[in-house]
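I have placed the structure first, in the form of structure tokens, so that the comments after it can refer back to it.
Readers should treat all values here as calculations from the given coordinates under stated rules, not as data from a laboratory. Computed from a prediction, not measured in an experiment: that's the story for all the values here. In this analysis, Cβ positions are derived from the backbone assuming ideal geometry, glycine residues included, and neighbour counts consider all displayed protein chains.
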Amino acid sequence: MATPLISAQELQERLDDVTVLDVRYRTDAPAGRDAHEQGHVPGAVYVDLDTELAAPPGAGGRHPLPDAEAFEAAMRRAGVRDDRPVVVYDDWSGLAAGRAWWLLRHHGHRDVRVLDGAWPAWVEAGGEVATGPSAPPAPGDFTARPGQMPVVEADEVLGVPVVVDARAPERYRGETEPIDPVAGHVPGAVNVPTTTNLRVDGRFRSPAELRALYAAAGVTGDEPVAVYCGSGVTAVHDVIALELAGIRAALYPGSWSGWITDPDRPVAGPTSGSP
């Protein structure tokens with residue numbers, strides 16, 4: 001299996017041989033198409049996270065996984081082929097691009113990588129910048145074969161020996177909750193925020209550094225691991241970091257926004273008296 005990352009320099013060298021997807025997205029900003037048109041990797045196709053990489057919000061949380069047929073159709077529209085490598089990027093430290101990486105891997109694509117350092121790394125490396133809308137690509141032939149990445153659902157989460165919460169520490173502790181209606185975390189979960197996966201230059205830490213970072217939180221790979229965040233999107237950043245560290249982690253797609261749709265599920269945090 002290919003490494004989950006690609007450098008800006010390597011992407012420049014391989015640009016003619018890969019399909020590039022621009023997954024601009026932020027929770028605090030409008031959809032990223034405008035940003036894409038202001039500047040993107042040449043040939044990159046914009047993919048909308050809310051409509052093409054997620055199902056409508058509901059009991060499964062704010063960003064449930066799309067069904068296989070819808071995802072396959074979206075990737076074919078973006079020109080994704082089974083036999084051609086894919087590179088995904090965003091301008092949000094890989095937090096959104098990771099969702100596309102995970103979905104493609106989960107649905108059977110064998111060579112998908114996230115641009116390490118995201119859009120700033122491309123610009124810093126002197127990569128060519130295209131503007132305006134991308135030309136529609138030739139339709140792809142990607143065939144979705146779901147089930148290639150580990151997943152846990154809500155009724156399985158409490159049975160996973162090691163559960164990682166990828167959100168900011170203050171959200172994990174339940175001191176603030178800017179998005180979801182209930183604050184706190186899944187009982188027993190440990191907190192490894194996505195921001196700690198990166199060096200100051202915005203690129204992922206080395207495998208050795210990541211192993212030490214997660215081991216300090218009790219995540220060693222000796223027992224099964226599951227990761228969640230607010231809506232199942234940014235948790236993939238921790239999944240990628242753990243893969244770099246040599247640890248395979250399952251994703252809880254519903255994450256916190258799905259967990260709290262059932263009031264009978266336990267919540268830990270300041271108001272509960274539980275760690």
Explain nothing, just the number: relative contact order of the chain, from Cα pairs under 8 Å at least 6 residues apart, as a whole percent. 22
Can you list residues from other chains, or at least 5 along the same chain, whose modelled amide H is less than 5 Å from the amide H of Ala96? none
Report the label-to-label distance for Gln148 and Asp28 in nanometres (one decimal), using points 7 Å from each Cα along the Cα→Cβ vector. 3.5
Between region 32-61 and region 150-172, what is the C-alpha centre distance in whole Å? 25
Quick one: grab the alpha carbon gyration tensor of region 94-229, order the square roots of its eigenvalues as a ≥ b ≥ c, and give me rounded if a/c is under 1.5, else prolate or oblate depending on whether a/b is larger than b/c. prolate
Quick note, region 154-259: a/c under 1.5 would make it rounded; otherwise a/b > b/c is prolate and the rest oblate (a ≥ b ≥ c, C-alpha gyration tensor); here it is oblate
Spherically averaged projected area in nm², based on the convex hull that wraps the Cα atoms of the chain: 13.6
Taking the dipole of region 1-101 about the Cα centre (Lys, Arg +1; Asp, Glu -1; charges at Cβ), the one of Gly43, Thr19, His63 that reaches farthest to the positive side is His63
Does region 5-124 classify as rounded, prolate or oblate by the C-alpha gyration tensor (a ≥ b ≥ c root eigenvalues; a/c under 1.5 gives rounded; else a/b over b/c gives prolate, otherwise oblate)? oblate
Separation between the Thr51 and Asp111 pseudo-spin-labels, each 7 Å from Cα along Cα→Cβ, expressed in nm? 3.1
Using +1 on the beta carbon of Lys and Arg, -1 on that of Asp and Glu, and nothing else charged, what's the dipole of region 1-46 about the Cα centre, debye to 20? 180
Relative to the Cα centre, what is the charge dipole magnitude of the chain, using +1 at the beta carbon of each Lys and Arg, -1 at the beta carbon of each Asp and Glu, and rounding to the nearest 20 debye? 260
With label points set 7 Å from each Cα along the Cα-to-Cβ direction at Val200 and Ala215, the distance between them in nm comes to 2.5
How large is the dipole of region 5-124 about the Cα centre if only Lys and Arg carry +1 and Asp and Glu carry -1, each at its Cβ, rounded to the nearest 20 debye? 260
Pick out, from Val114, Val163, Gly132, the residue whose Cα sits farthest towards the positive end of the charge dipole of region 44-201, with +1 on the Cβ of Lys and Arg and -1 on the Cβ of Asp and Glu. Val114
Between the alpha-carbon centers of region 111-132 and region 219-275, tell me the distance in whole angstrom. 29
Length-normalised contact order for region 154-259 - Cα pairs under 8 Å, 6+ apart - percent: 31
Could you list log10 I(q)/I(0) for region 197-275 at q = 0.11, 0.13, 0.25, 0.26 Å⁻¹, which the Debye formula gives when each Cα is one point scatterer? -0.35, -0.48, -1.15, -1.18
